[in-house]
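A.B. asks: A single structure is presented below for examination.
The values are calculated or read from the model by the stated rules, or taken from the named source; none is laboratory data. Note that the structure is a prediction, hence the values are computed from the model and not measured. Heads up, the Cβs are rebuilt from the backbone with ideal geometry, glycines too, and the neighbour counts pull from every protein chain shown. Quick note on the areas: whole protein, heavy atoms, side chains included, nothing else; ligands and nucleic acids left out. Shrake-Rupley method; radii C 1.70, N 1.55, O 1.52, S 1.80 Å.
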Amino acid sequence: ALKRLNNVVPELGYDSALYAMPDFATYSPKSMFTRAAMAKGIASVPSDLPFFQSTPIGTGFSDLNGVVKNWGGKFAVIFVSDGLTNSGRNPVRIVSDMAKTYGDRFCLHIISVADTARGKANLKRLASLTPCGVYVDASALADKAVLDKFAQDVFYTQEEELIVEVVEEVVVPVVPVQEKIVFRNFNFGFDKYQITDEMVP
């Protein structure tokens, strides 16, 4: 799922990193995102893990918070999990606290590999804790349309298109016209050149 997603992520000059828990290992350190660097990081993540390994999701988010607290601007976390936690702190509490701290700067997106109803419910709850969180099943990302939609929801901001109607201003030239005023019964004072008071207006 991550390999497929990496192939459609736009290279727009932002930073990226790849971490894994429970030991919070770094597989791709924070640097400007390139598909090649992220593909190398994804390829280095081990796929064989001990069967009885603990899954402290809350502790993992606590460790992540220690890293992102120094990041400026907006940031998105894409979390891949089966949603089951069997030790450590409650992940809902930690993600809720992160959402309060970072506000709309922080988006948590979930790629679910859950095979239990409880795991899916836990992951959907985590995605809902940030206002921009998106949930998707990993198997659904095999569908190109679903993959593209997830990438768009995570990496793009849709802006309203402003349509402005341009009306050409027509300038009508002003042509001076000689004005002719005709006075009738215009009264002057008797034997004088001054007009009478009632003629002033």
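A.B. asks: Quick one: which of Asp15, Asp23 is open to solvent by 50 Å² or more (accessible area, probe 1.4 Å) and in contact with a Lys or Arg (Cβ under 6 Å, 6 or more places away or on another chain)? Walk me through how you get there before you give the answer.
C.D. replies: Numbers: Asp23 fails: in contact with a Lys or Arg (Cβ under 6 Å, 6 or more places away or on another chain).
Going through Asp15, Asp23 in turn, the sole match is Asp15.
A.B. asks: Restricted to the stretch 38-64, and to residues that are over 26 Å from the mean Cα position of the chain (by Cα) and surrounded by 16 or more Cβ atoms within 10 Å (Cβ to Cβ), which residue is modelled with the lowest pLDDT?
C.D. replies: By that ranking, first place goes to Thr55.
A.B. asks: Out of (1) touching a strand residue (DSSP E or B) at 6+ places or on another chain (Cβ under 7 Å); (2) open to solvent by 60 Å² or more (accessible area, probe 1.4 Å); (3) under 20 Å from Ala151 (Cα atoms), the odd one out for Phe79 is which?
C.D. replies: Among (1) touching a strand residue (DSSP E or B) at 6+ places or on another chain (Cβ under 7 Å); (2) open to solvent by 60 Å² or more (accessible area, probe 1.4 Å); (3) under 20 Å from Ala151 (Cα atoms), the lone unmet condition for Phe79 is (2).
A.B. asks: Quickly run through the stretch 1-52 and pick out the residues that are of a type in the set (Ser, Thr, Tyr) and either assigned to a loop (DSSP other than H, G, I, E, B) or within 21 Å of Val136 (Cα to Cα) (or both).
C.D. replies: Kept after step one, since they are of a type in the set (Ser, Thr, Tyr), are these residues of the stretch 1-52: 14, 16, 19, 26-28, 31, 34, 44, 47.
Tyr14, Ser16, Tyr19, Thr34, Ser47 - these are the residues of the stretch 1-52 that are of a type in the set (Ser, Thr, Tyr) and either assigned to a loop (DSSP other than H, G, I, E, B) or within 21 Å of Val136 (Cα to Cα) (or both).
A.B. asks: Same structure again: Residues to consider are Ala140, Ala145; find the one that is modelled with pLDDT of 85 or more, surrounded by 10 or more Cβ atoms within 10 Å (Cβ to Cβ) and either of a type in the set (Gly, Ala, Ser) or over 23 Å from Phe75 (Cα atoms) (or both). I'd like the intermediate steps shown before the answer.
C.D. replies: Details: Ala145 fails: surrounded by 10 or more Cβ atoms within 10 Å (Cβ to Cβ).
Testing whether each residue is modelled with pLDDT of 85 or more, surrounded by 10 or more Cβ atoms within 10 Å (Cβ to Cβ) and either of a type in the set (Gly, Ala, Ser) or over 23 Å from Phe75 (Cα atoms) (or both) leaves just Ala140.
A.B. asks: What number of residues within the stretch 103-137 are outside any helix (DSSP H, G or I) and open to solvent by less than 20 Å² (accessible area, probe 1.4 Å)? Spell out the reasoning first.
C.D. replies: Filtering the stretch 103-137 for residues outside any helix (DSSP H, G or I) gives 106-116, 129-137.
Among the residues that remain, those that are also open to solvent by less than 20 Å² (accessible area, probe 1.4 Å) are: 106, 108-112, 114, 130, 136.
Here the count works out to 9.
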